[in-house]
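For reference, the structure discussed in these notes is given below.
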Amino acid sequence: MPMRVLHICSEIYPLLKTGGLADVAGALPIAQGRLGCEARVLVPGFPRLREGILEQTLVAEFGPRFGAQAVRLYRGVLPGSDIVAYVIDAPDLYDRPGNPYADASNHAYPDNHQRFALLGWMGVRLAEGLDHAWRPQVLHSHDWHAALAPAYLKALEQSTGRRVAGSVQTIHNLAYQGNFPSHVFGYLDLPANFFDINGIEFHGQCSFLKAGLYFADKITTVSPTYAHEIQQPEQGCGLDGLLRARVRDLSGILNGVDDTVWNPATDTLLAAGYEARDLAGKLACRTALQREAGLAVQQDGPLFCIVSRLTEQKGLHLVLAALPEIVRRGGQMMVLGSGDAPLEAAFAAAAGAHPQSIAVRIGYDEQLSHRLIAGADVILVPSRFEPCGLTQLYGLKYGTLPLVRKVGGLADTVVDASLENIGDGVATGFVFESFDDTGIDAAVRRAFALYQRPGDWKAVQARGMGQRFDWDAAAAQYLTLYQQIGT
Ligand code: ADP
Ligand code: GLC
């Protein structure tokens, strides 16, 4: 019998994406399907999801719930795959334009506790058998938005003595916890004894993520190194004690890359396709990108790129510090990103000062991100912390050498082009350890040095392009977990 799993998440590629979570939610269920697993997804009815999910039929209707006057559950199909998606229609909670979590001035919505409590709650209704045609054996919650599902599951078990499904909580980013003032507990419809240190309570607040980490049968995160890091105070975000206590149930499963979306040989968004043994197309992509960005069309130095949320996590102030040296040495830089206003302004100012060498596009542009990653020589990911990171994996596949800090999933996926690693044929990029200007500067200098040795550069590029980061390995590891806990 195939294992039936319901992924509960708040964004999913290609319909709604603010970060890597959407890529994972879009790709993992498909890979699980190839393994013979029946994977479905449950998402909130944000406009793009309500509109984008195909062939929707009504599964159930509810009266007022979590501040919504009317709640309906529909079952449909995700475009571009045959993955079945359940979508919660609750216009009072979800029918808001733009970012799924915050308003136009980037303030978190004041009713987020209700918006995402409903998501976890609905997962448990499905586990109880709400859709007579299909009942999940495992609820797989992603990030804090879905993290009340394990709590509602436990509450049901406490009140009925019935265990209807197993639960997995995946941490994509421990820094986002969904913490709310204690008074919201009254709106969550959980048993009173759950507001406890052994439960949802976290320093006097309600923490959605903590509830998931406490109540789920299994906890995963998206790389082995991050699984270790979050057990230490430095990266534990206050939850390291709980994670250490649950170490037997905690594992790191590395994300993959969806080859149907990210593959330079078949990518229709590029000026030209290419593969490791013939990189002529990559040069065409590079020239096209320089023209599009208004950069000087030259090959004197490497073209660096960034495709990123512009936030504290990503360590981009280090790039700002390294920019003068990059320009001085004849390199170029193109940035695509949006986020913190001071970072946006600083990159825009740098581009204004050096228009031939630095180009910046503030915003979110999926198609441009492909042209950038294909056209650049180096992709920078100097993160303060990085649970997995996907853009360095895209860089590897596209022959664009990642320059990364040795942390989290970046440490697990990139091997530094030191002389000995080049000699051993294992180098795939540039890795630095100390999170400061000197650290990144040394890595940037290694990039320039390697660029002067085209033979070695090509060898490192070929090694990276030959790596396999497919979703099948991750899907198999998740299945092993499900088999331990599924009902
Ligand atoms: P995170 O989830 O922390 O943002 P990841 O590296 O896991 O980091 O995933 C980021 C995803 O979002 C990648 O698919 C990346 O290409 C994409 N992305 C980030 N910023 C932009 C942007 N401005 N335009 C297009 N895609 C972006
Ligand atoms: C988070 C992390 C990122 C990871 C992504 C997908 O957004 O910041 O490192 O790749 O989730 O798991």
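The values are calculated or read from the model by the stated rules, or taken from the named source; none is laboratory data. In this text, all values refer to a predicted model and were calculated from it rather than measured experimentally. Neighbour counts run over all protein chains shown; Cβ positions are idealised from the backbone, glycine included. Side chains are part of the model used for accessible areas, which takes the heavy atoms of the whole protein and leaves out ligands, DNA and RNA. Shrake-Rupley method; radii C 1.70, N 1.55, O 1.52, S 1.80 Å.
Going through region 436-460 one residue at a time, which ones are open to solvent by 50 Å² or more (accessible area, probe 1.4 Å) and within 18 Å of Leu320 (Cβ to Cβ)?
Asp436, Asp437, Thr438, Arg445
Between a first residue in region 183-196 that is more than 22 Å from Pro110 (Cα to Cα) and a second residue that is outside any loop (DSSP other than H, G, I, E, B) and open to solvent by 70 Å² or more (accessible area, probe 1.4 Å), which pairs have beta carbons less than 9 Å apart while being 6 or more apart in sequence or on different chains?
Pro191/Gln158; Pro191/Ser159; Asn193/Gln158; Phe194/Gln158
Could you please give the count of residues in region 368-393 that are more than 9 Å from ligand 2 (Cβ to nearest atom), farther than 19 Å from Gln332 by Cβ and open to solvent by less than 10 Å² (accessible area, probe 1.4 Å)?
Within region 368-393, residues that are more than 9 Å from ligand 2 (Cβ to nearest atom), farther than 19 Å from Gln332 by Cβ and open to solvent by less than 10 Å² (accessible area, probe 1.4 Å) number 1.
Which residue, of Asp189, Asp278, Asp249, is in contact with a strand residue (DSSP E or B) (Cβ under 8 Å, 6 or more places away or on another chain) and surrounded by fewer than 20 Cβ atoms within 10 Å (Cβ to Cβ)? Show your work before the answer.
Details: Asp189 fails: in contact with a strand residue (DSSP E or B) (Cβ under 8 Å, 6 or more places away or on another chain); Asp278 fails: in contact with a strand residue (DSSP E or B) (Cβ under 8 Å, 6 or more places away or on another chain).
Of the residues listed, the single one that is in contact with a strand residue (DSSP E or B) (Cβ under 8 Å, 6 or more places away or on another chain) and surrounded by fewer than 20 Cβ atoms within 10 Å (Cβ to Cβ) is Asp249.
So which residues in region 177-206 are within 14 Å of Ala117 (Cβ to Cβ) and within 16 Å of ligand 2 (Cβ to nearest atom), if there are any at all?
Residue satisfying the conditions is Gly178 alone.
Of everything in region 189-230, what is of a type in the set (A, V, I, L, M, F, W, C) and outside any loop (DSSP other than H, G, I, E, B)? Give them in sequence order.
Ala192, Phe194, Phe202, Cys206, Phe208, Leu209, Ala211, Leu213, Phe215, Ile219, Ala227
Taking the condition assigned by TED's automatic domain parsing to the domain that holds Pro29 and out of contact with any Pro (no Cβ under 8 Å at 6 or more places or on another chain), does Leu479 pass?
yes
With under 27 Å from Tyr176 (Cα atoms), without any contact (Cβ under 8 Å) to a residue 12 or more places away in the chain and acidic (Asp, Glu) as the only criterion, which of Asp240, Asp258 stands out?
None of the others qualify; the one that does is Asp240.
Looking only at region 138-165, count every residue that is among the polar types (S, T, N, Q) and under 25 Å from the mean Cα position of the chain (by Cα) and tell me the total.
Going through region 138-165 one residue at a time, the tally reaches 1.
Could you tell me whether Leu270 is in a loop (DSSP other than H, G, I, E, B) and outside the structural domain of Lys210 (by TED's automatic domain parsing)? Lay out the reasoning, then the answer.
On the way: in a loop (DSSP other than H, G, I, E, B): yes; outside the structural domain of Lys210 (by TED's automatic domain parsing): yes.
Yes.
If you take the residues in region 210-234 that are over 26 Å from Ala117 (Cα atoms) and in contact (Cβ under 8 Å) with a residue 60 or more places away in the chain, which one is most open to solvent (accessible area, probe 1.4 Å)?
Among them, the one singled out is Pro224.
Tell me which of these Phe208 doesn't satisfy, since it passes every other one: (1) within 16 Å of ligand 1 (Cβ to nearest atom); (2) hydrophobic (A, V, I, L, M, F, W, C); (3) not assigned by TED's automatic domain parsing to the domain that holds Pro387.
(1)
Determine whether region 321-328 contains at least one residue that is part of a loop (DSSP other than H, G, I, E, B), away from ligand 2 (no atom under 16 Å from the Cβ) and farther than 25 Å from Asn99 by Cβ.
Among the residues of region 321-328, not one is part of a loop (DSSP other than H, G, I, E, B), away from ligand 2 (no atom under 16 Å from the Cβ) and farther than 25 Å from Asn99 by Cβ, which makes the answer no.
Would it be correct to say that Val378 is under 28 Å from Ile253 (Cα atoms) and more than 17 Å from the chain's Cα centre (by Cα)?
Spelling it out, Val378 is indeed under 28 Å from Ile253 (Cα atoms) and more than 17 Å from the chain's Cα centre (by Cα).
Residues are listed down the side, and each one gets a yes or a no for (1) of a type in the set (Lys, Arg); (2) away from ligand 1 (no atom under 16 Å from the Cβ); (3) within 23 Å of Leu190 (Cα to Cα):
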position: Ile12; (1), (2), (3): no, no, no
position: Leu54; (1), (2), (3): no, yes, no
position: Leu58; (1), (2), (3): no, yes, no
position: Glu61; (1), (2), (3): no, yes, yes
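Scan Ala70, Ala60, Ala102 and give me the residue that is surrounded by 13 or more Cβ atoms within 10 Å (Cβ to Cβ), closer than 22 Å to Leu139 by Cα and not aromatic (Phe, Trp, Tyr).
None of the other options fit; the residue is Ala60.
What residue, of Leu54, Leu15, Leu35, Leu28, is open to solvent by 10 Å² or more (accessible area, probe 1.4 Å) and within 16 Å of the chain's Cα centre (by Cα)?
Only one candidate qualifies: Leu15.
Tell me which helices (runs of 4 or more DSSP H) are completely within region 385-487 and hold 3 or more residues being in contact (Cβ under 8 Å) with a residue 12 or more places away in the chain, or say none if there are none.
Fully inside region 385-487 and qualifying: 391-397, 408-413, 437-451, 454-465, 471-485.
Could you list all residues from region 231-264 that are in a loop (DSSP other than H, G, I, E, B), more than 15 Å from ligand 1 (Cβ to nearest atom) and of a type in the set (A, V, I, L, M)?
Step one: of region 231-264, the residues in a loop (DSSP other than H, G, I, E, B) are 231-232, 237-239, 246, 253-264.
In the following step, the residues that additionally are more than 15 Å from ligand 1 (Cβ to nearest atom) were identified as 231-232, 238-239, 246.
The answer is Leu239, and nothing else.
Could you identify the single residue in Leu139, Leu130, Leu174 that is open to solvent by less than 20 Å² (accessible area, probe 1.4 Å) and away from ligand 2 (no atom under 16 Å from the Cβ)?
Leu139
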